[in-house]
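Notes to accompany the following structure.
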Amino acid sequence: RRRSAGQRAAARRGPDATTYVDPDGADVAAIRAAVSSLPDRQRTALVLRFYGGLTVAETAAHLRCPPGTVTSLTSRAVEALRTELGIELTGSDEPATEEVRHG
């Protein structure tokens, strides 16, 4: 039922919209293993940013490091996951819920 609802929603959004793909158990296990294999600080930055939804500044405060370090840790973690999982992603590495601030 969830899959058909997702397909209907995707059809309403049109062909250019990103669709949600419900990962199967093997995908979830592979993602968990890949995240677990990251160095501690990369894993922590990744989880705080994407799972916890913290901003770069909030993550930096939690890790007690400069914001640039958080950006670097997150970028390296995402790249390691892409390599480990053999996936090619396009678009922003920012969480969808965070506003983009310029300036």
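Among residues of the stretch 57-84 that are at negative phi, those with a Cβ under 7 angstrom from a residue that is of a type in the set (A, V, I, L, M) and exposed (fewer than 13 other Cβ atoms within 10 Å of the Cβ), sequence gap 6+ or separate chain, pair up as PRO67/ALA57; ARG82/LEU89. Every listed requirement among (1) of a type in the set (Gly, Ala, Ser); (2) at pLDDT below 90; (3) part of a loop (DSSP other than H, G, I, E, B) is met by ALA9 save one, (3).
For the residues ALA29, ALA34, the requirement of being touching a helix residue (DSSP H, G or I) at 6+ places or on another chain (Cβ under 9 Å), modelled with pLDDT of 80 or more and either surrounded by 10 or more Cβ atoms within 10 Å (Cβ to Cβ) or part of a helix (DSSP H, G or I) (or both) singles out ALA34. Residues to consider are THR71, THR19, THR97, THR90; find the one that is at pLDDT 65 or above and either of a type outside the set (Phe, Trp, Tyr) or surrounded by 14 or more Cβ atoms within 10 Å (Cβ to Cβ) (or both). Within the list THR71, THR19, THR97, THR90, the selection yields THR71.
For the subset of the stretch 55-68 comprising residues that are within 16 Å of GLN42 (Cβ to Cβ) and part of a loop (DSSP other than H, G, I, E, B), which member is least open to solvent (accessible area, probe 1.4 Å)? Looking at residues that are within 16 Å of GLN42 (Cβ to Cβ) and part of a loop (DSSP other than H, G, I, E, B), I get CYS65.
The values are calculated or read from the model by the stated rules, or taken from the named source; none is laboratory data. Nothing here was measured: the structure is a model prediction, and the numbers come from that model. For neighbour counting, all protein chains shown are included, and Cβ atoms are generated from backbone atoms with ideal geometry for every residue, glycine included. Surface accessibility is based on the protein's heavy atoms, side chains included, excluding ligands, DNA and RNA. Shrake-Rupley method; radii C 1.70, N 1.55, O 1.52, S 1.80 Å.
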